[in-house]
Amino acid sequence: MKRILIYIGHPAQYHFIKHTIRNLRKDGNEVRILIKTKDILEQLLQEDVLTYKNIQESVRKNTKWGILSASLKRTWAVYKEAKRFKADILTGTDSSIAQAAWLLRIPAITTLEDDVEIIMNLARLTYPFTSTILVPTACRVGKWEKKKIGYAGYMKLAYLHPNYFKPDRAVVEKYGIKGKYILLRLAKLSAHHDAGIKGLNKVLVDKIISIAEENGYQIFISSETDVDEQLRKYQLQIKHTDIHHVMAFASLLISDSQSMSVEAAMLGTPNLRFSDFSGRISVLEELESVYGLTKGVKTNEPKRLIDEVSQLLSEKSAVNDYNENRRRMLSDKIDVTAFLTWFIENYPESKRIMKENPDYQYNFR
């Protein structure tokens, strides 16, 4: 039995770890959960009736000083909670986990899936202090390669693997959504690595809506921010926990969110991502070039985006093609949650096993 402290800083991170938390507790481990205020994160834990402590109740200011100050305060809070809890091991994505564990001289497992050059500021604050960097095999970690344990999977596969998620059309239909529809996702782009990154604008959204409606598709918009008044009639009004069911049955997702594009790929939903990150992120490049489960378009190519939308809507076999590609991807990948549970429970022996025999992970399928 272990005493495991987990810090969660984003709704997507909660989805990644939620089934592992249940597994760890089922196996008799004590698990302490720390969070910060971020979007719907606290609401998700409350809906799942999980006990947690919010160590950053106020939303940080989106300035260099605001980011640094919040990071230092989180590290101090994690340090105090881990010491009080007498944690055996810490895990999470944030630098506070690595730094607090280093100060306490206990192991830290950092779980991420962004390449080091995309999150360099976070990497500099995290990788020198963490014990292990647990990431998808495709992910680059730069000069910290010796700390890397690569696994055959993706963070979002931890909760969208068929072992854990079954799309339910009844969930979609209870909102009156029937027939063919397209999901538009508009991201806030306020993360530390989003500086200078552009996304979908109203002109493009209007063109996409026009093309979709001409082809007999409904349009639904999911947005992290308030949408233009003229677009509000398209805004998706559902429970946050039902979004993956809606995404699974969509004919197409068009998004400037990297996270939701990966989720669509996990579900086999045709998707286009419009972002300057296109071509720069290993996980998405693998999903695009190896499995044909996503397609990226840079923001200086708006005409290409419109052309790609028109082409996908005209291809009657697009959904079937993506579903077949998904089956191929799943046959290559592991059950990430089962692997993560084993890795944490058996650490540091699990790290030694993975270093000596990386194929051991294929026991978790």
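Data overview
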{"quantity": "Region 297-341 shape via C-alpha gyration tensor axes, a/c threshold 1.5", "calculated": "oblate"}
{"quantity": "Sequence-separation-based contact order of the chain, relative, with Cα cut under 8 Å and 6+ spacing, percent", "calculated": "14"}
{"quantity": "Cα-Cα separations in region 1-63 greater than 20 Å, expressed as whole percent", "calculated": "25"}
{"quantity": "Carbon/sulfur fraction of accessible area - the chain, other protein chains in place, 1.4 Å, %", "calculated": "49"}
{"quantity": "Whole-number D in µm²/s for the chain (Stokes-Einstein; Kirkwood sum over Cα pairs; 25 °C, 0.890 mPa s)", "calculated": "115"}
{"quantity": "Protection proxy ranking of 260-272, 133-145 - average other beta-carbon atoms within 10 Å, highest first", "calculated": "260-272, 133-145"}
{"quantity": "Using alpha-carbon coordinates, inclination of helix 95-104 to the longest axis of the chain, degrees", "calculated": "10"}
{"quantity": "Hits among lysines - C-alpha to C-alpha of Lys316 under 29 Å, sequence gap 8 or more where chains match", "calculated": "Lys156, Lys166, Lys174, Lys178, Lys180, Lys202, Lys207, Lys233, Lys295, Lys298, Lys303, Lys333"}
{"quantity": "Accessible area, probe 1.4 Å, largest first, for residues Phe339, Phe249, Phe220", "calculated": "Phe249, Phe220, Phe339"}
{"quantity": "Dipole-positive endmost among Pro107, Tyr175, Leu160 within region 97-234 (Cβ charges, Cα centre)", "calculated": "Pro107"}
{"quantity": "Surface/4 estimate of mean projected area, convex hull on alpha-carbon atoms of region 79-157, nm²", "calculated": "5.2"}
{"quantity": "Residue-level accessible surface for Phe364, protein heavy atoms, 1.4 Å, Å²", "calculated": "40"}
{"quantity": "Centre separation in Å (Cα based) which lies between region 1-26 and region 227-299", "calculated": "25"}
{"quantity": "Euclidean distance of C-alpha centroids, region 305-365 and region 54-126, integer Å", "calculated": "27"}
{"quantity": "Angle in degrees between helix 336-345 and the longest Cα principal axis of the chain, rounded to the nearest 10", "calculated": "10"}
{"quantity": "Accessible area in the full protein assembly, largest first, 1.4 Å probe, for Lys233, Lys180", "calculated": "Lys233, Lys180"}
{"quantity": "Tilt relative to the chain, helix 318-332 - C-alpha long axis, 0 to 90 degrees, to 10", "calculated": "20"}
{"quantity": "Per residue solvent-accessible surface (Å²) - the chain, probe of 1.4 Å", "calculated": "45"}
{"quantity": "Two-decimal Rg/Rh across region 268-365, once Rg and the Kirkwood Rh are taken from alpha-carbon atoms", "calculated": "1.13"}
{"quantity": "Accessible surface of Glu47 - all protein chains present, 1.4 Å probe, nearest 10 Å²", "calculated": "80"}
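The values are calculated or read from the model by the stated rules, or taken from the named source; none is laboratory data. All figures in this text were calculated on a predicted structure; none of them were measured in a lab. Cβ coordinates were reconstructed from backbone atoms using ideal geometry, including for glycine residues, and neighbour counts include every protein chain displayed. These accessible areas exclude ligands, DNA and RNA; they are computed on the full protein's heavy atoms, side chains included. Shrake-Rupley method; radii C 1.70, N 1.55, O 1.52, S 1.80 Å.
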